[in-house]
Structures are given as structure tokens and as C-alpha cells.
Amino acid sequence: ETGVTQTPRHLVMGMTNKKSLKCEQHLGHNAMYWYKQSAKKPLELMFVYNFKEQTENNSVPSRFSPECPNSSHLFLHLHTLQPEDSALYLCASSQGKTVSGNTIYFGEGSWLTVV
Amino acid sequence: AQKVTQAQTEISVVEKEDVTLDCVYETRDTTYYLFWYKQPPSGELVFLIRRNSFDEQNEISGRYSWNFQKSTSSFNFTITASQVVDSAVYFCALSGQNSGYSTLTFGKGTMLLVSP
């Protein structure tokens, strides 16, 4: 059983819809991440949160809006998406954002299809 | 800038064969960490190993072994006596000293297909 759980696992939404992806980590970690995985592309870091504070926004379009109410929960709010946003969205967490090489643990991902 | 190259896009083997997945990295950091992750069809990225740049000892874990060679900037992964359950996409990743946090630079992945 994974220590990082994501819901929903699959989501189909229209371009005018508003939906949210949810992530919860049960590992006692302080840092949480959103990654995007598109077909035939390397995984792309989207956002990083450390102790609920956003520390990185990797030039992500504003139609993706993250929210981190506490160190255990992370949301990705979706609004007015494009078909090219269809991808696997992976949530992850780690002990901290130090440079000591903390291992990042991933959830099972949310498969998003924008129609 | 950091870069991870996994030149093998897809590898097909028959069960019980040994297979090596290649990983070559580029970084200007003197301290860095290398990782391998496994991604089965379900989507989850499963952590396999983490190795820091000062530890060049090879590591073996059951049927898995890793060969880290700083001189060639490579961190190759070998599966001995492969099994159908090993079928997955395998990612090599790098985390650098100067990145400021535990973010990862991933390779494009190698899809391993093990047939019975």
C-alpha cells in the first residue's frame, strides 16, 4: 500500500469544467510535489510545497492552481484546461526540501483526459 | 544544467534472461544523488534505489543490481533472471546539490517487456 494516495485515479473533463485532484501523504513528510507525465516526455515538475509554502512554480499555466492546506494534503485545481493537458498527474512527497538527497515517494497518479 | 539520458527506449526479453538498463547523467554538482524508479502500468512510480555521488560501490538487492561509475557518469541497472512481473517503465533520475531542494531530473524512461 502506497504512503501517498491520490484521488480520483481517473478523470475525464470538458474544457469548461472545474475539477480538483487530491493528494494525501501518510509518511509524515514536509514537502509535497506535483509532477506531470505526458506521453513520450520526461516527467515535469510543476509545483513544490515545503511546510505548506509554495517554493516553486515551474512556469505552469494559471489554469492549474495548487493548494496545500497542511503538510499532509495537496490539491491541484483545474480550470479551463486544454486537450494537451491530458496526462498522468503524479503527486509526491519527501521528508524535506534540503539538498541531502531525500527520497521522493510518489502516488499512483491521476489519469486526466480533457475532451 | 542537469540531464539524464536513457538511450534505450524499449527492451524486450524472454523470461529468465538478464537485462541491463543504461543511464548516463550530466551535472556540474559535486554532490548529487541518483535514483531508479519503476513504473508499472498502474502508474505509480515505485522507488528502487538511491545512491549518492560519493559512494561508488555497486549494490545488489535480490535480482537487482546497480553499477555506478563516476568516470563515465553512468548508473546502470541490471535485472538478473528477469520475470514477467518486471515488465514496466524504468526511470533513472538525478537530484543535485545546487537544485536547492529534493527535486528530480528524470530520464525519458526505458520500457522493459518480459515475455513468458
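The values are calculated or read from the model by the stated rules, or taken from the named source; none is laboratory data. Keep in mind it's a predicted model, so treat the numbers as computed, not measured. Virtual Cβ from ideal backbone geometry, glycine too; neighbours counted across all protein chains shown. What goes into the accessible areas is simple: the full protein's heavy atoms, side chains included, and nothing from ligands, DNA or RNA. Shrake-Rupley method; radii C 1.70, N 1.55, O 1.52, S 1.80 Å.
Normalised size of the range A:16-101, defined as Cα radius of gyration per 2.2 N^0.38 Å with N residues, equals 1.07. Residue by residue along A:36-44, Cβ atoms of other protein chains within 10 Å of the local Cβ number 4 on average.
Given +1 at the Cβ of Lys and Arg, -1 at the Cβ of Asp and Glu and no other charges, the dipole of the protein assembly as shown around its Cα centre is 480 debye to the nearest 20. Computed about the Cα centre, the dipole magnitude for chain A is approximately 180 debye when only Lys and Arg (+1) and Asp and Glu (-1) carry charge, each at its Cβ.
Note on chain A: with a GNM built from Cα contacts shorter than 10 Å, the maximum mean-square fluctuation among A:LYS40, A:LYS22, A:LYS52 falls on A:LYS40. In the distance distribution for the range B:1-73, Cα-Cα pairs more than 16 Å apart total 59 percent.
For the range B:12-116, the residue among B:LEU104, B:TYR25, B:PRO41 whose Cα projects farthest onto the positive side of the dipole built from Cβ charges is B:LEU104. For the pairs A:LYS22/B:LYS38; A:LYS41/B:LYS3; A:LYS36/B:LYS108; A:LYS22/B:LYS108; B:LYS38/B:LYS108; A:LYS22/B:LYS3, flag any whose C-alpha to C-alpha distance is greater than 21 Å. The answer is A:LYS22/B:LYS38; A:LYS22/B:LYS108; A:LYS22/B:LYS3. Per residue, the accessible area of the range A:28-115 comes to 41 Å², computed with a 1.4 Å probe over protein heavy atoms only. Mean projection of the Cα convex hull over all viewing directions, computed for the protein assembly as shown: 12.4 nm². Cross-link partners of B:LYS70 among aspartates and glutamates, defined as those whose alpha carbon lies under 16 angstrom from its own and excluding same-chain residues fewer than eight positions apart: B:ASP22, B:GLU26, B:ASP29, B:ASP55, B:GLU56, B:GLU59. Accessible surface buried at the B:A interface totals approximately 2000 Å², computed with a 1.4 Å probe on protein heavy atoms. Connecting C-alpha atoms closer than 10 Å in a GNM of chain B, tell me which of B:GLN39, B:GLN83, B:GLN57 has the biggest fluctuation. Top of the fluctuation ranking is B:GLN57. For the range B:36-116, list log₁₀ I(q)/I(0) at each q in 0.16, 0.22, 0.24 Å⁻¹, using the Debye formula over Cα point scatterers of equal strength and ignoring solvent, two decimals each. For the requested q values the scattering log ratios are -0.66, -1.17, -1.32. No disulfide-compatible partner, judged by a Cβ distance under 4.7 Å, exists for the following cysteines of the protein assembly as shown: A:CYS68.
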